[in-house]
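Inspection log for the structure reproduced underneath, given as structure tokens.
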Amino acid sequence: MAASNEDTQVVDNKMYRPPQQEETQMTLDEVIERLKASMPNIPGIGGAGSAGLIFVALIVIAVVWAGTGFYTVGPDQEAVLRTFGKFTGTTTGGLHWHYPGPIGKRNVVAVTTTRRMELGFRSGADGFTVAQSVTNESLMITGDENIVDVQAVVQYRIADLQSFLFEVDDPGDADRGIPAGQPDGRTLRDIAETALRQVVGSRNIDDVLTTEKEQVQTEVLLKMRELSADYKTGIDVLQVLLQNVNPPLEVQSAFEDVVRAREDRERLINLAQAYEASEIPKATGEAAKITEAAEGFKQGRIARAQGEADGFEAILQGYLLSPDITRQRLYLEAIEEILPGVTKFILSDSGVLPFLPLAGSNSGSGVISGVGGGQ
């Protein structure tokens with residue numbers, strides 16, 4: 001009975017033992033067989049044909065994978081190539097091939113496009129929205145310790161694509177859609193702000209507001225190019241344009257009055273210069289006219305005086321040669337000049353002689369003048 005109970009217990013144990021799953025290991029051939037069983041029956045495939053099918057599939061996959069290595073670079077683009085993450089070179093426009101991923105990678109970037117960055121303000125995406133001022137970028141101190149609000153636009157392009165992609169780790173700029181890793185994000189903005197603050201801080205507020213804007217733009221451009229080269233950003237800054245340069249709102253009206261006064265002063269100066277330009281030639285002409293007249297009068301008086309002197313010298317020479325005759329002639333000439341309209345006669349030892357020129361008639365009243373004996 002005991003044995004019977006033991007057998008029963010064993011049987012019972014076998015009866016209540018939980019079912020166990022058999023562990024099976026499938027080989028590659030079994031997998032292929034199952035794939036073939038699941039595929040529809042294609043004539044010509046069987047036995048060694050399964051290995052050929054796999055080989056063909058692998059070739060197709062390899063061809064497709066290699067085909068993904070072809071890429072096109074546009075005329076305004078440049079591509080940077082990497083193999084296992086290491087820079088291997090650049091390519092320009094055209095169709096090219098490089099190892100596809102994950103072995104090789106490529107970055108195709110437009111390098112000739114002129115890009116734009118706003119400093120001190122943000123314009124709307126549609127171009128019509130009113131620009132919003134960013135005072136933490138635009139407010140700065142001038143060299144004479146005044147506060148000025150400066151807004152600028154920076155135009156740039158990519159000059160060295162390798163440096164642009166791999167030399168600077170930048171957090172990006174969400175406002176302009178610049179992704180992380182490109183130096184034209186926060187790095188370029190900091191460079192522009194630093195350069196502008198340095199230049200504005202070295203000048204008076206009047207220079208920045210009115211007369212020296214062109215020089216400020218040029219100095220900021222040169223400073224940005226220097227900083228960009230030091231950081232190896234690969235960016236070429238093309239132009240810096242000052243948009244709005246204004247004093248703070250609290251004192252803006254006073255500065256506008258100063259600007260208007262300066263404009264009035266310039267206007268009056270221009271009017272005075274125009275009057276000067278018109279009057280000076282006129283006065284110069286009058287002066288030349290008076291000078292010429294005086295010169296002519298001088299030459300006439302000199303010639304007259306010279307003639308009178310020459311005549312006196314001639315009379316003197318005649319007097320020295322014949323004193324009596326010369327004295328008599330001078331006397332008669334004087335009488336002729338003093339009494340031009342009177343008939344005159346000369347009384348001498350030889351009788352009465354008419355005074356030359358001879359009169360046409362002896363009638364009429366007259367004064368008889370004469371000398372006797374050579375007196």
(request) Would you mind counting up the charge near Gly285? Only other residues with Cβ under 14 Å from its Cβ, with Lys and Arg at +1 and Asp and Glu at -1. (result) -1
(request) Report the convex hull volume per residue for the stretch 219-266, counting only C-alpha atoms, in Å³. (result) 113 Å³
(message) List residues of the stretch 148-185, by number, whose backbone nitrogen lies under 18 Å from a label position 7 Å along Cα→C-beta of Ser123.
(response) 150-157, 175-178
(request) Could you go through the stretch 274-289 in sequence order and give the Karplus-derived ³J(HN,Hα) for each residue, using 6.51 cos²θ - 1.76 cosθ + 1.60 with θ = phi - 60°, rounded to whole Hz, and x for Gly and Pro? (result) 5, 5, 4, 5, 7, 7, 4, x, 5, 5, 5, x, 4, 4, 5, 5
(request) Could you list which residues have their amide H under 5 Å from that of Gln182, counting only those 5 or more apart in sequence or on another chain, with H placed in the peptide plane? (result) Asp170, Gly172
(message) Apply the Karplus curve 6.51 cos²θ - 1.76 cosθ + 1.60, θ = phi - 60°, to the phi angles in the stretch 303-310 and return the couplings in whole Hz, x for Gly and Pro.
(response) 5, 5, 5, 5, x, 4, 5, 4
(message) Run the numbers for Glu337 and Thr210: contour at 0.36 nm per residue of separation, minus the present Cα-Cα distance, in nm.
(response) 37.4 nm
(message) Let's test the formula: R0 of 22 Å, r as the Cβ-Cβ distance of Asp257 and Asp144. What FRET efficiency results, to the nearest 0.05?
(response) 0.75
(request) State the extension gain, in nm to one decimal, for the chain segment bounded by Ser322 and Thr135, taking 0.36 nm per residue of separation less the distance between their alpha-carbons. (result) 56.0 nm
(message) Quick check: pseudo-label points 7 Å beyond the Cα along Cα→Cβ at Ile290 and Leu271, how many nm apart are they?
(response) 2.8 nm
(message) If I take R0 = 25 Å and measure r between the Cβ atoms of Phe87 and Ala159 in this structure, what FRET efficiency does the formula 1/(1 + (r/R0)^6) give, to the nearest 0.05?
(response) 0.90
(request) Please work out how much length the chain gains when fully extended from Leu95 to Arg304, using 0.36 nm per residue of separation minus the C-alpha to C-alpha distance, in nm with one decimal. (result) 64.9 nm
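Just so you know, all these numbers are worked out from the coordinates, no wet-lab data involved. What you see is a predicted model; the values in this text were computed from it and never measured. Every residue, glycine among them, receives a Cβ derived from its backbone with ideal geometry; neighbour counts consider all protein chains shown.
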